[in-house]
Amino acid sequence: RTVYVNGDYLPEDEAKISVFDRGFLMADAVYEVTSVLDGKLIDFDGHAVRLERSLRELDMAAPCSKDELLEIHRKLVAENGIVEGLVYLQVTRGSDGDRDFLFPAPETKPGIVLFTQNKPNLADSPASKKGAKIISIEDIRWGRRDIKTTQLLYPSMGKMMAKKAGCDDAWMVEDGYVTEGTSNNAYFIKNGTIVTRPLSTDILHGITRKAVLRLAEEAQMKIEERLFTVDEAKEADEAFTTSASAFVMPVVEIDGVQLGDGTPGPIAKRLREIYLDESR
Ligand code: PDD
């Protein structure tokens, strides 16, 4: 596969990053994951705008313009023949050649890496037909989850805890309230009302969240953006998550409690269909 590194398109085994890169040493880096359906990027603009915001919040320079970013995305998708899949983009603060807690001089060039992932069953995924089993875990991440940094150790540990428990993913809980999933936003549905946590620095402002809430509203569904507990979600009729990598993923079990009849709920399934139709 061809990857993009700091201006060059290269075979993946020829791409190089400095060992002093702060993305590598300190997770001083931000990222985006954009999905590809029928060879087309889904919501590129939303991801580009969020990237700009992440960079601004961390005082990091943009590596290139939005138009250049789009061109790199498109070129990699074409070059690697991606029909369904993902484009991963990471911008790091780079380095001036040593390990230092202080940021390097402002003129230090940021690093940029992009690669594609081929996922032939992204839209028609077997996992989405089964629905996800969720465990809840404490949210011990830092307080700026609205910035999409590459500090993904705890979310990785959360997914491992879920796997060990025979489940698919974890929802994180802070002060008694669900924040979000390890790599997705979290929702439950009770009596036809979709409930999800409001935007703040506590969660990532999901690009898929925004699109799905807009589509739900257009379909005359009721939405409540408010804090909610795991217990409330366990008593729900349905639940689901949203992300660029899984779109709308129905949730069928939370901490061993089955939701509804234990299969994906009708509203979650409908939202997934509407989202995929609209995106294509
Ligand atoms: N994760 N919350 C968290 C913590 C996330 O990591 C993600 C995305 C989301 C959903 O955001 P969006 O709808 O913009 O993808 C919410 C990506 C897909 C990942 O880490 O692979």
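None of the figures in this text is laboratory data; all of them are computed from the coordinates on show. Model, not experiment: these values are computed from the prediction. As a convention, Cβ positions derive from the backbone with ideal geometry for all residues, glycine included, and neighbour counts pool all protein chains shown.
Note on the chain: GNM, Cα springs under 10 Å; of 29, 211, 15, the largest mean-square fluctuation is that of 15. Electrostatic bookkeeping for residue 280 treats Lys and Arg as +1 and Asp and Glu as -1; over the other residues with beta carbon under 9 Å from its beta carbon, the sum is -2.
When the chain is treated as a Gaussian network with alpha carbon springs shorter than 10 Å, the biggest mean-square fluctuation among 69, 102, 25 belongs to 102.
Return the ratio Rg/(2.2 N^0.38 Å) for region 160-212, where Rg is computed over Cα atoms only. Mind showing how you got there, number by number?
Numbers: Rg = 12.2 Å, N = 53, 2.2 N^0.38 = 9.9 Å.
Computed over Cα atoms of region 160-212, the ratio equals 1.23.
Springs join every pair of Cα atoms under 10 Å in this Gaussian network model of the chain, and among 59, 237, 202 the largest mean-square fluctuation is at 59.
Given the Cα-Cα distance of residue 263 and residue 109 and 0.36 nm per residue of separation, how much length would full extension add, in nm?
Values: separation 154, 0.36 × 154 = 55.44 nm, distance 4.94 nm.
Extra length available between residue 263 and residue 109 comes to 50.5 nm.
Among the trypsin sites (Lys or Arg not before Pro) in region 45-101, those placed in a DSSP loop whose Cβ has at most 12 other Cβ atoms within 10 Å are 99. For the chain, the Stokes-Einstein estimate of translational diffusion at 4 °C and a viscosity of 1.567 mPa s comes to 66 µm²/s, using the Kirkwood hydrodynamic radius over alpha-carbon pairs.
Modelled this way, with points 7 Å down the Cα-to-C-beta line, the labels at residue 273 and residue 83 are 2.3 nm from one another. Looking at region 1-43, the chymotrypsin sites (Phe, Trp or Tyr not before Pro) that sit in a DSSP loop and have at most 15 other Cβ atoms within 10 Å of their own Cβ are 20.
Residue exposure proxy: 88, 187, ordered by other Cβ atoms within 10 angstrom of their Cβ from fewest to most, comes out as 88, 187.
Computed over the Cα atoms of region 141-269, the ratio of the radius of gyration to the Kirkwood radius (Rg/Rh) comes to 0.93.
Relative to the longest principal axis of the Cα atoms of the chain, helix 66-79 runs at roughly 80 degrees.
In the chain, the DSSP-assigned H stretches of four residues or longer account for a calculated mean residue ellipticity at 222 nm of -8500 deg cm²/dmol, using -39500 (n - 2.57) per stretch and the full residue count as denominator. Considering only 195, 182, 143, and ranking their Cα positions along the charge dipole of region 129-240 that arises from unit charges at the beta-carbon of Lys, Arg, Asp and Glu, the one farthest toward the positive end is 182.
Given a Förster radius of 41 Å and the C-beta distance between residue 96 and residue 161 as r, what FRET efficiency does 1/(1 + (r/R0)^6) yield to the nearest 0.05?
Efficiency computed from Cβ-Cβ geometry: 0.60.
Computed from point charges on the beta carbon alone (+1 for Lys and Arg, -1 for Asp and Glu), the dipole magnitude for region 2-118 about its Cα centre is near 160 Debye. The label-point distance for residue 64 and residue 223, in a model that sets each label 7 Å from Cα toward Cβ, rounds to 3.3 nm. If only the Cβ of Lys and Arg carry +1 and only the Cβ of Asp and Glu carry -1, the dipole of region 124-260 around its Cα centre is close to 480 debye.
FRET efficiency for the residue 138 to residue 190 pair, using the beta carbon distance and R₀ = 22 Å, is estimated at 0.35.
Taking the Cα centre of the chain as origin and charging only Cβ (+1 Lys, Arg; -1 Asp, Glu), how large is the dipole, in debye to the nearest 20?
Details: 36 positive and 47 negative charges, 67 e Å.
Using only the charged Cβ atoms, the result is roughly 320 debye.
Our coupling estimate for region 162-178, obtained by passing each phi through the Karplus curve with A = 6.51, B = -1.76, C = 1.60 and θ = phi - 60°, is 4, 4, 4, 8, x, 10, 9, 7, 10, 9, 9, 10, 10, 6, x, 10, 5 Hz, Gly and Pro reported as x.
Counting only residues at least eight positions apart within a chain, or on another chain, the aspartates and glutamates with an alpha carbon under 20 Å from that of residue 234 are 138, 139, 168, 169, 174, 175, 180, 224, 225, 253, 255, 261. Both radii come from the Cα set of region 91-135: Rg as radius of gyration, Rh as Kirkwood radius; their ratio Rg/Rh reads 1.34. When the inverse distances between all different Cα atoms of region 2-118 are averaged and flipped, the Kirkwood radius reads 14.6 angstrom. Do the alpha carbons of any pairs in 16/119; 40/109; 129/163; 130/210; 75/159 sit beyond 21 Å of each other, and which pairs? 16/119; 40/109; 130/210; 75/159, as the Cα separations exceed 21 Å there.
Report the local net charge at residue 44: Lys and Arg +1, Asp and Glu -1, summed over other residues whose C-beta lies under 10 Å from its C-beta. Intermediate values should be presented prior to the final figure.
Details: positive: 40, 66, 74; negative: 32, 43, 45.
It works out to a net charge of 0.
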